[in-house]
Amino acid sequence: MDLLDAEEHVKDALKDPLQLAGLTVEGFRLLEMLHREGALPIAHITKRRGRRRESTLEVIGRLEKRGWVRRAIIKLPPVSFERAHLPKSKKDVPREGQKILVAGLTASGKRFIGDVLMNYSKVFESVMRGIDGREQTSLSRICRKLRAGDRVKFFREIRMMDEEQEAAELREKAMAELEQLAARRRVPSGELRVES
């Protein structure tokens, strides 16, 4: 619960500067990603942000209307392929690369995100002032581990814990029934056992 409370506190503190800049958290994160890494394929952005393609395109569309982001279709170079593996009908046809949709910052988008990042980092520093540098590094590492966590493994562990708890409850119930039975037959309870 402490983690959820801390998340809520940090989000609330950081939301105001973004709203003043006319940004949502998702819009800011997308602008920051494009600022840090340059133009990226939409599929890559969608996968990295863990969002649906439609949601990503909606956020990009809003940022594009403000003149901060531009979309473009680019053609990748053709993949190298041995001529011998082509059918005869395609041996003399020039190969074309795949077309992909990419998004990148415009010049005004670069200026804007630079200003926002400067202000945002000041607010972030004030929020993080309560913990020292080593704790901030540890917190960052722990957050990355939590984000990268294996959800399937997590659910398996929860299911195993549930099954173990169920088995323990079943053993307790069986022991209680045995004790009741022993009390009726006057058998000392020290001689009773439930084997798993």
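The values are calculated or read from the model by the stated rules, or taken from the named source; none is laboratory data. What you see is a predicted model, and the numbers here were worked out from it, not measured in a lab. Every residue, glycine among them, receives a Cβ derived from its backbone with ideal geometry; neighbour counts consider all protein chains shown.
Considering each of 8, 54, 26 in turn, give the residue that is surrounded by 11 or more Cβ atoms within 10 Å (Cβ to Cβ), at pLDDT below 95, assigned by TED's automatic domain parsing to the domain that holds residue 122 and of a type in the set (Asp, Glu).
The unique qualifying residue is 26.
Testing residue 44 on (1) within 17 Å of residue 102 (Cα to Cα); (2) not in a helix (DSSP H, G or I), one condition comes back false. Which one is that?
(2)
Checking the conditions here, which among 34, 63, 57 is part of a helix (DSSP H, G or I) and either more than 24 Å from the chain's Cα centre (by Cα) or closer than 22 Å to residue 144 by Cα (or both)? I'd like the intermediate steps shown before the answer.
Numbers: 63 fails: either more than 24 Å from the chain's Cα centre (by Cα) or closer than 22 Å to residue 144 by Cα (or both); 57 fails: either more than 24 Å from the chain's Cα centre (by Cα) or closer than 22 Å to residue 144 by Cα (or both).
So the residue among 34, 63, 57 that is part of a helix (DSSP H, G or I) and either more than 24 Å from the chain's Cα centre (by Cα) or closer than 22 Å to residue 144 by Cα (or both) is 34.
Among the residues of segment 87-104, are any assigned to a helix (DSSP H, G or I) and either of a type in the set (Phe, Trp, Tyr) or touching a helix residue (DSSP H, G or I) at 6+ places or on another chain (Cβ under 8 Å) (or both)?
Scanning segment 87-104 turns up no residue that is assigned to a helix (DSSP H, G or I) and either of a type in the set (Phe, Trp, Tyr) or touching a helix residue (DSSP H, G or I) at 6+ places or on another chain (Cβ under 8 Å) (or both).
So residue 127 ticks every box in (1) surrounded by 12 or more Cβ atoms within 10 Å (Cβ to Cβ); (2) modelled with pLDDT of 80 or more; (3) in a helix (DSSP H, G or I) but one. Which box is left unticked?
It is condition (2) that residue 127 fails.
For residue 47, are the conditions met, namely being touching a helix residue (DSSP H, G or I) at 6+ places or on another chain (Cβ under 8 Å), under 30 Å from residue 140 (Cβ atoms), exposed (fewer than 15 other Cβ atoms within 10 Å of the Cβ) and of a type in the set (Lys, Arg)?
Answer is no for this residue.
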